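Just so it is clear, none of the values below were taken in a lab; they were calculated from the coordinates. Since the structure is predicted, the reported quantities are computational estimates derived from the model, not experimental observations. Reconstructed Cβ throughout: ideal geometry from the backbone, glycine too, with neighbour counts over all protein chains shown.
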Amino acid sequence: MNVVTRVDDLRGLCREAREARLRVGLVPTMGALHAGHRSLLRAARGASDLVVLTVFVNPLQFGPDEDFSAYPRDLEADAEVAASEGVDVVFAPPVDEMYPGGSRTTVHVAGLTDVLCGASRPTHFDGVTTVLTKLFSIVGPSTAYFGRKDFQQLAVVRRLVADLDLPVEVVGCPLVRDHDGLALSSRNAYLSEARRESARAIPESLRAAAAAVEGGERSATAVEAEVRRVLARAPELRPEYVAVVDAAELRPVETLDGSTAVLVAVRVGSTRLIDNVVLDVTPGGSEADLGIVVPAEESESPCAAR
Ligand code: PAF
């Protein structure tokens, strides 16, 4: 496995791979790799000849009062995970390699980025789309893998790639849950056991929403109320938003019909968690996609051992 920190080195390795007619798979991350990232790496490994993992805590996507400094960083541990998943190249650049002399150019996807998470994190998605445009440009034609936990991010990335005709195929991979139901996130590391216990109400609320829809509920207001009712059982949780939207354009719906997403952002203390369920609603019924459960040996939750 090659670990490189320079843009030119990554560009060169990807160019050589393509000249040899190899398929390049890209998994962009901010490190602190967990089983959710492993599932992206496995998807990339299964479909590519050269798997590139990028590990870069991107300052542009953090607001001034956010956790950029505190964000977990452990390149050695990440490299071990990468090696065990058969990654070929790890790109872990320092900030001044990605943004020499700062960054004056911003890539902005209008509309999709000023709602939901973008409403409280107004510069976040511009940071994401700017760094991804750079990574896509360095890596070149490739397939890039993203988790569906970051549902809005995935919609924004798809739009970025389509609007700019970037030579990248975007693959959305299942949201991965721990055994206690919590969606895997690098930020779960911030939670005490007590807060983690409270946070379990988040996936419960989404299961309740799915059950209501399976029981015939089609009113978005009623589904939202069901989510809020379950979240309210854990007084430590402060919902930032609960939204029922069409899954492609993220526009609020009144009546559930077709592919609909219930998206939540919740604060637990100072930790902000997001989660979602996608509901495929047809005249014949509904099917809920709550993601997949992590294999027991990769769990971070004490519940897995029980
Ligand atoms: O999802 C993430 O980890 C980041 O937003 C990404 C896509 C790697 C961009 O920095």
Just add up the charged neighbours of Ile292: K/R +1, D/E -1, any other residue whose Cβ is under 13 Å from the Cβ of Ile292.
+2
For Arg229 and Asn2 in the same chain, what is the full-extension length gain: residue separation times 0.36 nm, less their Cα-Cα distance, in nm?
76.8 nm
Which residues qualify? For Tyr241, with a placed amide H closer than 5 Å and at least 5 residues away or on another chain, they are Ala265
Percent relative contact order for the chain, counting Cα pairs under 8 Å at least six residues apart, stands at 16 percent
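Give me the net charge of Glu217's neighbourhood, meaning all other residues with Cβ under 12 Å from the Cβ of Glu217; Lys, Arg count +1, Asp, Glu -1.
Residues near Glu217 contribute -2 overall.
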At a 10 Å Cβ-Cβ cut-off, how would you order Phe91, Phe125, fewest neighbours first?
Phe125, Phe91
Summed residue charge, Cβ within 15 Å of Val107's Cβ, Lys/Arg positive, Asp/Glu negative
0
What whole-number distance in Å separates the alpha-carbon centres of segment 179-215 and segment 13-50?
29 Å
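Once you sort the root eigenvalues of the Cα gyration tensor of segment 99-144 as a ≥ b ≥ c, which label holds: rounded (a/c under 1.5), prolate (a/b larger than b/c) or oblate (the other case)? Working shown, then result.
Details: a/c = 2.88, a/b = 1.47, b/c = 1.97.
Cα axes put segment 99-144 in the oblate bin.
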Going toward the positive end of the dipole of the chain, with +1 on Lys and Arg Cβ and -1 on Asp and Glu Cβ, which of Leu26, Ala79, Met98 do you reach last?
Met98
So what's the back-of-envelope 222 nm ellipticity for the chain, counting only DSSP H runs of four-plus at -39500 (n - 2.57) apiece and dividing by all residues, rounded to 500?
-10500 deg cm²/dmol
Beyond 15 Å, the calculated P(r) of segment 42-103 holds a percent of Cα-Cα pairs equal to 60 percent
If I model a spin label at Asp165 and Glu19 as a point 7 Å from the Cα along the Cα→Cβ vector, what separation in nanometres do I get?
2.6 nm
Which of Gly181, Ser198, Ser219 sits closest to the plus end of the dipole of segment 168-236, meaning its Cα is farthest towards the positive end, when Lys and Arg get +1 and Asp and Glu get -1 on the C-beta?
Ser198
Taking only Cα atoms, what is the 0 to 90° angle, nearest 10, from helix 124-139's long axis to the longest principal axis of the chain?
40 degrees
Give the separation of the Cα centroids, segment 235-266 to segment 53-119, in Å.
26 Å
Can you list which of the trypsin sites (Lys or Arg not before Pro) found in segment 208-251 are DSSP loop residues with at most 13 other C-beta atoms within 10 Å?
Arg233
Rg/Rg_ref, the chain, where Rg_ref = 2.2 N^0.38 Å and atoms are Cα
1.00
